[in-house]
Amino acid sequence: MALLICADCGNDVSDQAPACPNCGRPAPVDDIPTVDIPERSGGPGESALLLMISGGVLLAAGLALLVADQAAWASASLLTGVVLGVGGRVSALMRRRKYWRSRPNQK
Ligand SMILES: [Zn+2]
């Protein structure tokens, strides 16, 4: 927690305060972090990666079952694998989009 100087009245304002307690001036919007994302969020998230990996494993299992002539199990496994793989990729994409949007505009 730190103290900021109010631009309007010069009063000390906590950086946690939504507005200056003296004059009511709202805290500068630039200082409020919009999305709390850890540093390593540039790449796909762990959960997205996990989804893609399990999707790949299920796809491999589905193919193996197909070879073993277990058509019903194979199609179920392939379908789940595709859904998980696509879900993982979409989730990774969304994370990346959020990451870029949360970056401050460089002047
Ligand atoms: Zn003030």
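Readers should treat all values here as calculations from the given coordinates under stated rules, not as data from a laboratory. Only a predicted model underlies this, so the values are computations on that prediction, with no experimental measurement involved. Methodologically, a virtual Cβ is constructed for each residue, glycine included, from the backbone with ideal geometry; neighbour enumeration extends over all protein chains shown.
Check which residues have an amide H placed less than 5 Å from residue 13's amide H, if you skip close sequence neighbours.
Those qualifying (amide H under 5 Å, at least 5 residues apart or on another chain) are 4, 5, 6.
Taking the highest mean first, how do the peptides 86-98, 65-77, 48-60 order by number of other beta carbon atoms within 10 angstrom per residue?
Working: 86-98: 14.9, 65-77: 13.2, 48-60: 16.7.
So the order, starting with the most tightly packed, is 48-60, 86-98, 65-77.
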